[in-house]
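Undergrad: Okay, here's the structure, questions in a sec.
The values are calculated or read from the model by the stated rules, or taken from the named source; none is laboratory data. Just so we're clear, the structure is a prediction, and the values are computed from it rather than from any experiment. Neighbour counts run over all protein chains shown; Cβ positions are idealised from the backbone, glycine included.
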Amino acid sequence: MEAKGKASRNKTLTIEENEILSLRQEIVYYDEVKEGMDYKDKIICDDVINVLSCLPDGFADLIIIDPPYNLSRNFGTVKFEAMKEDVYEEYLMSWFPEVCRKLSPKGSLYMCGDWKCTSSMQRVIARYLKVINRITWQREKGRGTKANWKNSMEDIWYAVRDEKNYHYDVEAVMMRRKVLAPYRENGQAKDWEECDGGKFRNTHPSNFWDDISIPFWSMKENTPHPTQKPEKLYAKLILASSRKGDIVFDPFAGSGTSAVVARKLGRHYCGIEIDENYCLYAAKRIKNAAMDSSIQGYVGGVFWERNSKEEQIKNNNNK
Ligand SMILES: C[S@@+](CC[C@H](N)C(=O)[O-])C[C@H]1O[C@@H](n2cnc3c(N)ncnc32)[C@H](O)[C@@H]1O
């Protein structure tokens, strides 16, 4: 559980042997999975296929899906093997229709993928829901390669059940940007304000996200999970597409990012994860969230650009 030879500035979360018993109390295990079980604010340790039929249809206001991509990768005890595209599509079809049944009539769903699996995802989602956007996340880090371009972007498909009736709160996800060419009209600042840290404007978020880094060792949200999503990224999805008190469902919860962020933002959650170790990390992060609800990069009710910590502090001190 302990990261070996951890450097002093390394904030990666660890779990001590003596914490495991109490963290296990927070998890619903496969032998407790049955119809009528308490699923609200729970991390369920089991195969998603076993759990879905025990959850009520339409219970989730927002579903965030970050499944294994079509790559060979180990997730703790789970080995996922890359496969032909049509076989990967069959894999998606083995759980997606049932996951979809859990979405409320006015609900929204997001699914993350990379360039290789994104087409299969789009085809599968479009069979059941109305796809209304594709967000491109420029995640910055990616493994260099000599024979191909480095892969440093991901897609996030955005779909709803009813395109005439869904919740989207743009005011909750505004971006605070530094104004490079401040325009004045009759001597007055036009759509920007001057603060201690400089000149800023709140702008509408687009479907290209270049303000979010993947979690790394110096961030306190970091865990040993190999494909952990950033809290800031999920905060945008949750703030835009759910209200306080709504339920966020994540069928491939990993280290529990969706549940942690839901908790920090006053939403309920339900997550399924097959690997016990990742469930323990999720449980520990959720416990920590009760004491610290901060989300890196989301300060003062707005989302900040990368590397703007100083401005965030100065700006918030002004208020
Ligand atoms: C891409 S990761 C999700 C990471 C997560 N978004 C986070 O921030 O930590 C996919 C997760 O699905 C889990 N998984 C794979 N197959 C599963 C299954 N059949 N049932 C439940 N979980 C599964 C893996 O163990 C892995 O943790």
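Undergrad: Out of all the residues in the range 249-276, which are more than 12 Å from the ligand (Cβ to nearest atom), among the hydrophobic types (A, V, I, L, M, F, W, C) and under 17 Å from residue 45 (Cα atoms)?
TA: Matches in the range 249-276: 249, 270.
Undergrad: Something else: Only one of these is among the hydrophobic types (A, V, I, L, M, F, W, C) and within 11 Å of the ligand (Cβ to nearest atom): 233, 239. Name it.
TA: Among 233, 239, only 233 is among the hydrophobic types (A, V, I, L, M, F, W, C) and within 11 Å of the ligand (Cβ to nearest atom).
Undergrad: Considering the range 41-72 alone, what residues qualify as being on the phi < 0 side of the Ramachandran plot and in contact with a Pro (Cβ under 7 Å, 6 or more places away or on another chain)?
TA: Answer for the range 41-72, where residues must be on the phi < 0 side of the Ramachandran plot and in contact with a Pro (Cβ under 7 Å, 6 or more places away or on another chain): 48, 65.
Undergrad: Right, residue 218: small (Gly, Ala, Ser), more than 17 Å from residue 281 (Cβ to Cβ) and either near the ligand (Cβ under 8 Å from one of its atoms) or modelled with pLDDT under 95 (or both) or not? First the steps, then the outcome.
TA: Working: small (Gly, Ala, Ser): yes; more than 17 Å from residue 281 (Cβ to Cβ): yes; either near the ligand (Cβ under 8 Å from one of its atoms) or modelled with pLDDT under 95 (or both): yes.
The answer is yes for residue 218.
Undergrad: Here are 8, 108: which of them is away from the ligand (no atom under 16 Å from the Cβ) and assigned to a loop (DSSP other than H, G, I, E, B)?
TA: The conditions single out 8.
Undergrad: Run residue 174 past the list (1) out of contact with any His (no Cβ under 9 Å at 6 or more places or on another chain); (2) modelled with pLDDT of 90 or more; (3) over 26 Å from residue 115 (Cβ atoms) and report the number of the one that doesn't hold.
TA: It fails just one condition, (1).
Undergrad: From (1) more than 23 Å from the chain's Cα centre (by Cα); (2) closer than 18 Å to residue 278 by Cα; (3) more than 14 Å from the ligand (Cβ to nearest atom); (4) surrounded by 12 or more Cβ atoms within 10 Å (Cβ to Cβ), pick out the condition that doesn't hold for residue 37.
TA: Evaluating residue 37 over (1) more than 23 Å from the chain's Cα centre (by Cα); (2) closer than 18 Å to residue 278 by Cα; (3) more than 14 Å from the ligand (Cβ to nearest atom); (4) surrounded by 12 or more Cβ atoms within 10 Å (Cβ to Cβ) leaves (2) as the failure.
Undergrad: If you take just the strands (runs of 3 or more DSSP E) that sit entirely in the range 212-319, which of them hold at least 2 residues that are in contact (Cβ under 8 Å) with a residue 24 or more places away in the chain, under 24 Å from residue 54 (Cβ atoms) and out of contact with any His (no Cβ under 6 Å at 6 or more places or on another chain)?
TA: Numbers: elements: 247-250, 268-273, 302-304.
Of the strands (runs of 3 or more DSSP E) lying wholly inside the range 212-319, those with at least 2 residues that are in contact (Cβ under 8 Å) with a residue 24 or more places away in the chain, under 24 Å from residue 54 (Cβ atoms) and out of contact with any His (no Cβ under 6 Å at 6 or more places or on another chain) span 247-250, 268-273.
Undergrad: Can you give me the number of residues within the range 179-199 that are among the charged types (D, E, K, R) and on the phi > 0 side of the Ramachandran plot?
TA: Final tally of qualifying residues: 1.
Undergrad: Right, something else. Residues to consider are 141, 116, 146; find the one that is over 22 Å from residue 240 (Cα atoms), basic (Lys, Arg) and surrounded by 14 or more Cβ atoms within 10 Å (Cβ to Cβ). Spell out the reasoning first.
TA: Working: 141 fails: surrounded by 14 or more Cβ atoms within 10 Å (Cβ to Cβ); 146 fails: surrounded by 14 or more Cβ atoms within 10 Å (Cβ to Cβ).
Going through 141, 116, 146 in turn, the sole match is 116.
Undergrad: For the range 47-81, enumerate the residues that are more than 14 Å from the ligand (Cβ to nearest atom) and surrounded by fewer than 19 Cβ atoms within 10 Å (Cβ to Cβ).
TA: Selection gives 56, 57, 58, 59.
Undergrad: While we're here: Checking the condition closer than 25 Å to residue 7 by Cβ, under 16 Å from the mean Cα position of the chain (by Cα) and not hydrophobic (A, V, I, L, M, F, W, C), which residue from 285, 263 passes?
TA: 285 is the lone residue from the list that is closer than 25 Å to residue 7 by Cβ, under 16 Å from the mean Cα position of the chain (by Cα) and not hydrophobic (A, V, I, L, M, F, W, C).
Undergrad: For the range 181-204, enumerate the residues that are outside any loop (DSSP other than H, G, I, E, B), of a type in the set (Lys, Arg) and loosely packed, with under 15 Cβ neighbours inside 10 Å.
TA: Let us first name the residues in the range 181-204 that are outside any loop (DSSP other than H, G, I, E, B), namely 184-185, 188-189, 193-195, 198-203.
Next cut, of a type in the set (Lys, Arg) only: 184, 199, 201.
Matches in the range 181-204: 184 only.
Undergrad: Further question on the same structure: Select from the range 284-319 the residues that are among the polar types (S, T, N, Q) and within 28 Å of residue 225 (Cα to Cα) and write down the one among them that is surrounded by the most Cβ atoms within 10 Å (Cβ to Cβ).
TA: Let us first name the residues in the range 284-319 that are among the polar types (S, T, N, Q), namely 288, 293-294, 296, 307-308, 312, 315-318.
With within 28 Å of residue 225 (Cα to Cα) added as a condition, the list becomes 288, 293-294, 296, 307-308.
Numbers: 288: 16, 293: 13, 294: 12, 296: 18, 307: 10, 308: 20.
Only one residue tops the list, namely 308.
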